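Okay, structure first, notes after.
The values are calculated or read from the model by the stated rules, or taken from the named source; none is laboratory data. From a predicted model like this one, the values you see are computed outputs, not experimental measurements. Note that we place each Cβ from the backbone using ideal geometry, even for glycine, and neighbour counts take in every protein chain shown.
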């Protein structure tokens, strides 16, 4: 149902390194790079993450309450993505843990531009 989610960034090269490195273990890579916007995912036929510098030329601003949630595939993968994000320069917004007993396991970070990400596993 979702084609792609776009995250505003201030430095495309830095953002491509961060997200390519972070999501590589999930099989994602830069699929389309158009300069000020790049699409990262497994294929153009699956949901993707787009990173871009704002079209209006103004500074990017992470939204308060906005978050992109990425399915990790397992609790162990949540832990690994969280740790990798921290190693790549993300800031902790909630260490990995069970949020809803038996139903939702997640971890939260902010990328180098302040955008909030969640890594999660249902069940």
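Mind listing whichever residues of the stretch 43-62 are more than 27 Å from residue 27 (Cα to Cα) and surrounded by fewer than 11 Cβ atoms within 10 Å (Cβ to Cβ)?
55, 56, 57, 58, 59
What number of residues in the stretch 27-57 are in contact with a strand residue (DSSP E or B) (Cβ under 6 Å, 6 or more places away or on another chain) and either in a strand (DSSP E or B) or modelled with pLDDT of 95 or more (or both)?
Residues in the stretch 27-57 being in contact with a strand residue (DSSP E or B) (Cβ under 6 Å, 6 or more places away or on another chain) and either in a strand (DSSP E or B) or modelled with pLDDT of 95 or more (or both): 14 in total.
Hey, could you check the stretch 79-121 for residues that are in contact (Cβ under 8 Å) with a residue 40 or more places away in the chain and part of a strand (DSSP E or B) and say which is surrounded by the most Cβ atoms within 10 Å (Cβ to Cβ)?
119
Please go through the stretch 1-15 and pick out each residue that is in a helix (DSSP H, G or I) and either at pLDDT below 95 or touching a strand residue (DSSP E or B) at 6+ places or on another chain (Cβ under 6 Å) (or both). It would help to see each step written out before you state the result.
First, the residues of the stretch 1-15 that are in a helix (DSSP H, G or I): 12-15.
Scanning the stretch 1-15 gives a single hit, 15.
Between a first residue in the stretch 52-64 that is without any contact (Cβ under 8 Å) to a residue 12 or more places away in the chain and a second residue that is surrounded by 10 or more Cβ atoms within 10 Å (Cβ to Cβ) and part of a loop (DSSP other than H, G, I, E, B), which pairs have beta carbons less than 9 Å apart while being 6 or more apart in sequence or on different chains?
63/115
Look at residue 59 and say whether it is within 22 Å of residue 93 (Cα to Cα) and more than 13 Å from the chain's Cα centre (by Cα).
Spelling it out, it is not the case that residue 59 is within 22 Å of residue 93 (Cα to Cα) and more than 13 Å from the chain's Cα centre (by Cα).
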